[in-house]
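Below you'll find the structure, written out as structure tokens, and then a few comments.
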Amino acid sequence: MDDKPAIEINGLTKSYGRTGVLRGLDLKLDWGEVITILGSNGSGKTTLINIIGSLTKPDSGTVEFGGIGVRARATSIRRFIGVVTHEHLLYEHLTGYENLRFHADLFGISSADERIIIVARQLGVEARLNQLVGTLSHGTQKRIAIARALLHDPPLLIMDEPESGLDQEAQGMLDGVIRQLAESGCTVLTTTHNLDKGTAMSRRIAILREGRIVYDEDLKSSTGADGVKKAYASHSGESM
């Protein structure tokens with residue numbers, strides 16, 4: 001798979017009723033690349049994440065992971081993708097540890113307890129593992145959800161507005177985790193509507209508007225963060 005792009009998306013469309021959410025979206029990510037997709041609410045970010053993570057089927061178009069079609073091989077490909085959505089998707093009647101252990105068993109992770117401690121420490125939730133998820137704050141639940149996405153050490157991590165609900169300390173931890181993943185060759189795709197956070201998290205920025213990528217640049221080879229801000233204002237109609 002290494003000779004193919006980590007993710008290649010061509011002509012992706014998705015509608016809900018008469019509302020077109022994705023309209024012929026194209027995107028390609030290389031291995032080890034970190035990209036943030038900026039977009040206002042309703043731009044299609046969550047739908048895109050759900051389709052890449054094989055949680056939602058597109059109406060048309062293709063999504064390939066390492067040259068393999070996600071729709072055709074959804075079950076097997078999920079083992080190579082870590083997904084963080086708006087919903088934490090944790091069992092609230094179970095403890096943090098029980099949630100992570102269930103995921104570890106599902107993916108056949110060896111030395112599961114050791115791996116659980118490693119990711120829990122990365123996200124600063126080791127001391128909360130024995131508490132019921134339903135009793136935890138939203139921010140702590142989000143940290144455990146991110147830990148779960150990292151548990152099986154996926155080569156691709158996709159996260160929908162991961163900074164949402166996190167305090168400054170947790171956001172700093174998340175930034176550190178993303179840097180470590182990039183250094184290890186993991187491909188990371190995040191979405192956000194927070195312009196400053198988006199340019200801080202990633203070197204490559206894409207802007208999603210009305211279901212299409214309307215801007216896609218490497219910050220170091222373009223006009224930098226200021227250029228992204230101007231482009232975002234232009235394409236979103238928002239003043240800076």
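The values are calculated or read from the model by the stated rules, or taken from the named source; none is laboratory data. These figures come from a predicted structure and were not determined experimentally. Cβ: placed from backbone, ideal geometry, glycine included. Neighbour counts: every protein chain shown.
Okay, here's what the table says:
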quantity	calculated
Region 110-160: number of residues that are in contact with a strand residue (DSSP E or B) (Cβ under 9 Å, 6 or more places away or on another chain), assigned to a loop (DSSP other than H, G, I, E, B) and not hydrophobic (A, V, I, L, M, F, W, C)	6
Restricting region 167-185 to residues that are in contact (Cβ under 8 Å) with a residue 12 or more places away in the chain and of a type in the set (Asp, Glu), the residue that is surrounded by the fewest Cβ atoms within 10 Å (Cβ to Cβ)	169
Search result, residues across region 64-104 that are in a helix (DSSP H, G or I) and at pLDDT 95 or above	96, 97, 98, 99, 100, 101, 102, 103, 104
Selected residue (criterion: surrounded by the fewest Cβ atoms within 10 Å (Cβ to Cβ)) from residues of region 186-202 that are outside any loop (DSSP other than H, G, I, E, B) and hydroxyl-bearing (Ser, Thr, Tyr)	199
Residue selected from region 1-48 under the condition of a type in the set (Lys, Arg) and outside any loop (DSSP other than H, G, I, E, B), by the criterion farthest from the chain's Cα centre (by Cα)	23
Matching entry among 7, 77, 81, 52 (being closer than 20 Å to residue 193 by Cβ and touching a strand residue (DSSP E or B) at 6+ places or on another chain (Cβ under 9 Å))	52
Filtered residue count, region 193-227, keeping only those that are more than 20 Å from the chain's Cα centre (by Cα) and either at pLDDT 75 or above or not β-branched (Val, Ile, Thr) (or both)	7
Unique residue being closer than 24 Å to residue 182 by Cβ and among the basic types (Lys, Arg) when the list is 78, 73	78
Residue selected from region 142-153 under the condition under 12 Å from the mean Cα position of the chain (by Cα) and of a type outside the set (Gly, Ala, Ser), by the criterion farthest from residue 195 (Cα to Cα)	150
Any hit, region 23-32, residues being closer than 19 Å to residue 161 by Cβ and surrounded by 23 or more Cβ atoms within 10 Å (Cβ to Cβ)	yes
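For (1) touching a residue at least 60 places away in the same chain (Cβ under 8 Å); (2) surrounded by 14 or more Cβ atoms within 10 Å (Cβ to Cβ), each residue gets a yes or a no:
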position: 8; (1), (2): no, yes
position: 18; (1), (2): no, no
position: 34; (1), (2): yes, yes
position: 49; (1), (2): yes, yes
position: 57; (1), (2): no, no
position: 61; (1), (2): no, yes
position: 72; (1), (2): no, no
